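**Student:** Here's a structure for you.
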Amino acid sequence: MDVADNTVALVTKHCGLQLELYQKCVTQNPENWDIKCITQKRALAKCSEDNVPIIKHVKEMCDPFIKDYDACVMKNQQDPTICLESLKRLFHCTEEHGKLPPSGPPRPNATSPPQPSTSEKPTGTTYGYRGGV
């Protein structure tokens, strides 16, 4: 299962009700779903951010690209194809930051242990032990 499939599965698992309510609203309001379903959309977004760490991470890392694309679409509602370059930049950001590192999804306030410099090499039979307590 790739990251996208895993993300969708986690959203469905943790936010199934919000997803269902949003989908119903969109289906029932084909002409103006973007206005009528804003409450359901926000509830789904909040639930997803709270329960699927990679979504929050991507939103934080790609915030400038999200804002740029949203502003472009709002400005060019008659012809959103003008915003394709903004969309491409946003897509590339999400591709870059939407991959899970080997250690799993990002965690808030996680600190990683200090890493030795690449110039420090173990010598003799100490295998990197430099003394001390």
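**Student:** I'd like to compare 60-69, 29-38: which one has the highest average count of other Cβ atoms within 10 Å, and what's the full order after that?
**Tutor:** Descending packing order for the listed peptides: 60-69, 29-38.
**Student:** Rounded to the nearest 20 debye, what is the charge dipole size of region 1-52 about its Cα centre when +1 sits on each Lys and Arg Cβ and -1 on each Asp and Glu Cβ?
**Tutor:** Around 220 debye, computed over region 1-52.
**Student:** Mind jotting down a quarter of the surface of the convex hull over the alpha carbons of region 1-52, in square nanometres, one decimal?
**Tutor:** Taking a quarter of the hull surface, the average projection is 3.6 nm².
**Student:** Based on the Cβ-Cβ distance from residue 8 to residue 75, what FRET efficiency comes out when R0 is 41 Å, to the nearest 0.05?
**Tutor:** Once the sixth-power term is evaluated, E becomes 0.85.
**Student:** Through the Karplus equation 6.51 cos²θ - 1.76 cosθ + 1.60, θ set to phi - 60°, convert the phi angles of region 55-65 into ³J(HN,Hα) values in whole Hz; use x for Gly and Pro.
**Tutor:** Once rounded to whole Hz, the list reads 5, 4, 4, 5, 4, 5, 6, 9, 3, x, 6.
**Student:** May I ask you to evaluate 6.51 cos²θ - 1.76 cosθ + 1.60, the Karplus curve with θ = phi - 60°, for each residue of region 4-12 and list the ³J(HN,Hα) values in order in whole Hz, giving x for glycine and proline?
**Tutor:** 5, 4, 5, 5, 4, 4, 5, 5, 4
**Student:** Could you compute the FRET efficiency for residue 89 and residue 27, with r as their C-beta to C-beta distance and R0 at 25 Å, rounded to 0.05?
**Tutor:** 0.20
Bear in mind that the values in this text are calculations on the coordinates, not laboratory data. As the structure is a prediction and not an experimental result, all values here were calculated from the model. Because the Cβ atoms are built from the backbone with ideal geometry, glycine has one as well, and the counts that use them run over all protein chains shown.
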